[in-house]
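Read the structure below first, then the notes.
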Amino acid sequence: MRAATLVLLTLAACSQAPQPQAPPIHPTIVSLNPCSDAVLAEVADPGQVLALSHYSSDPSSSSMDLAVARRFPSVSGSVEEVMALRPDMVITGTFVPSATADAFERLGLQLEKVPIATSVADSKAQVMHIARLAGHPERGEALIRRIDAALAEAAPPRGAKPVSAVVWQSGGIVPGGSTLIADLLQHAGLASFSAEKGMGQAEILPLEVMLSDPPSVVLAAGDVPSDADRMLSHPALKALGNTRHEWFEPSLLWCGGPTIIRSAARLAEIRRSVS
């Protein structure tokens, strides 16, 4: 009896433990971030995208074509609704609640955190990262070629002096120098007024500072091109004879990837109108 038991224990020890499955080449993905939504829709097969964030289906927060976004289911980001879709991977931003991230990891999901891009170079690196995650690096390369072509088209004439421009959001908020929009301004031949003043991200630019040394262009990035926000449509601003007032769609401010193509075209249009 003891000999038979020893044999069984030996065979059990020698048997191979189940090996973990290799991740799929083309995983199914849920995106919980509006910026990764836009990239993922470009580089993944439609069948891979199980859902996008609810932000991309909302006109007030989407950074992509609404018709494209609404082809996919949308989720708010709760663990329950994501797990019901049974994805291989979840892509989110860096501000995902730690409890949510821990739950995804405990349930065996691959969680990829994609931070806000702070430059064109950052954004292109993220495009390639997401394209590789989806198993289609060649599509990431194609999107980058389109971005480079758009930036080349938006570039100012050689030797042209940068045009001073401020991106002014609701309440007088301005972007800092280390932001994607500041980099895009430079690519399009515009100089960030707030960055030149040494202001950081999301600081408030007082109207008095604007009036004492006005830029050539005020890019009013409110929700709609209206007079609803007094800071963006103050009569004193409109009285500045040498300052042009332009509306800049807020959805063009934060996301990189394919959004850069539209942002660059709009900024170039504004610079040409000033020139």
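Would you point out the residue of the range 86-130, among those that are among the charged types (D, E, K, R) and under 14 Å from the mean Cα position of the chain (by Cα), that is farthest from Cys255 (Cα to Cα)? Looking at residues that are among the charged types (D, E, K, R) and under 14 Å from the mean Cα position of the chain (by Cα), I get Lys113. Residue check: is Ile144 more than 14 Å from the chain's Cα centre (by Cα), buried (at least 16 other Cβ atoms within 10 Å of the Cβ), at pLDDT 95 or above and under 30 Å from Leu50 (Cβ atoms)? So Ile144 passes the test. Within the range 182-198, the set of residues being touching a strand residue (DSSP E or B) at 6+ places or on another chain (Cβ under 6 Å) and either farther than 23 Å from Ser275 by Cβ or of a type in the set (A, V, I, L, M) (or both) comprises Ala182, Leu185, Leu190, Ala191.
Scanning the range 41-55 for residues that are under 19 Å from the mean Cα position of the chain (by Cα) and either surrounded by fewer than 20 Cβ atoms within 10 Å (Cβ to Cβ) or among the polar types (S, T, N, Q) (or both) gives Ser53, His54. So which residues in the range 196-216 are surrounded by 22 or more Cβ atoms within 10 Å (Cβ to Cβ) and in a helix (DSSP H, G or I)? Hit for the range 196-216 is Met210, nothing else. The criterion of at least 1 residues that are in contact (Cβ under 8 Å) with a residue 24 or more places away in the chain and not polar (S, T, N, Q) is met, among strands (runs of 3 or more DSSP E) falling completely within the range 39-143, by 49-53, 89-92. Buried (at least 18 other Cβ atoms within 10 Å of the Cβ), touching a strand residue (DSSP E or B) at 6+ places or on another chain (Cβ under 6 Å) and assigned by TED's automatic domain parsing to the domain that holds Leu240: is that true of Val90 in this structure? In short, no. Taken as a whole, the range 245-268 holds at least one residue that is within 25 Å of Val68 (Cα to Cα), in contact with a strand residue (DSSP E or B) (Cβ under 7 Å, 6 or more places away or on another chain), assigned to a helix (DSSP H, G or I) and modelled with pLDDT of 95 or more. Residues that are within 28 Å of Pro97 (Cα to Cα) and of a type in the set (A, V, I, L, M, F, W, C): does the range 133-141 have at least one? Within the range 133-141, one or more residues are within 28 Å of Pro97 (Cα to Cα) and of a type in the set (A, V, I, L, M, F, W, C).
Scan the range 230-275 for residues that are within 14 Å of Ile147 (Cα to Cα) and of a type in the set (Lys, Arg) and the total you get is 2.
The values are calculated or read from the model by the stated rules, or taken from the named source; none is laboratory data. All of these numbers come straight from a predicted model, not from anything done at the bench. Don't worry about glycine lacking a Cβ; one is built from the backbone with ideal geometry, like all the others, and counts go over all protein chains shown.
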